[in-house]
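A quick write-up on the structure given underneath.
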Amino acid sequence: MNHKFSLVIAQPNYLLRRGVLSLLQEYASFDPICELEENGTLFEQLKQFTPDYVVIDVNFFATELANLNSSKLFRPSKQTKYIGVRPLTTAAGYTESEYEDILQFFDLVVLCNDTKQQLGAALQPVFEHDG
């Protein structure tokens with residue numbers, strides 16, 4: 001844990017946002033450069049910052065795409081890794097097939113109901129590789 005990673009987290013629920021940040025701190029040292037809780041600003045923020053990681057609620061991301069009126073998924077930065085936290089329900093207005101297409105955008109997707117051990121097992125190799 002000798003390298004400090006920069007991080008943008010986009011999660012509308014304060015308790016989930018705090019929990020995710022707490023969990024991530026167990027696996028890597030982070031500098032959270034931006035915390036987003038409202039839709040409409042993610043891509044604007046990513047134009048300002050080039051974080052190592054973006055941790056984002058998948059439904060939040062789906063809403064951001066709808067706000068852009070674009071079905072094209074793009075990455076403002078090629079070096080940024082995107083970790084999706086998938087809730088138990090699919091974002092409103094998306095078929096399961098469309099939602100699966102959205103999931104392809106992420107480098108890693110974890111389920112919000114995974115146990116701490118399951119999340120750790122998924123996240124640890126990512127940070128060991130980059131650290």
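The values are calculated or read from the model by the stated rules, or taken from the named source; none is laboratory data. No experiment lies behind these values; they were computed from the predicted model shown. Glycine gets a Cβ as well: all are built from the backbone with ideal geometry, and neighbour counts include every protein chain shown. Quick note on the areas: whole protein, heavy atoms, side chains included, nothing else; ligands and nucleic acids left out. Shrake-Rupley method; radii C 1.70, N 1.55, O 1.52, S 1.80 Å.
Got at least one residue in the stretch 74-93 being out of contact with any Asp or Glu (no Cβ under 8 Å at 6 or more places or on another chain), at pLDDT below 75, open to solvent by less than 70 Å² (accessible area, probe 1.4 Å) and of a type in the set (A, V, I, L, M)?
yes
I'd like to check something: does the stretch 94-105 contain any residue that is open to solvent by less than 50 Å² (accessible area, probe 1.4 Å) and either modelled with pLDDT of 85 or more or of a type in the set (S, T, N, Q) (or both)?
Looking through the stretch 94-105, none of the residues is open to solvent by less than 50 Å² (accessible area, probe 1.4 Å) and either modelled with pLDDT of 85 or more or of a type in the set (S, T, N, Q) (or both).
Of all the residues that make up the stretch 14-43, how many are within 13 Å of the chain's Cα centre (by Cα) and touching a residue at least 60 places away in the same chain (Cβ under 8 Å)?
The number of residues fulfilling the criteria is 3.
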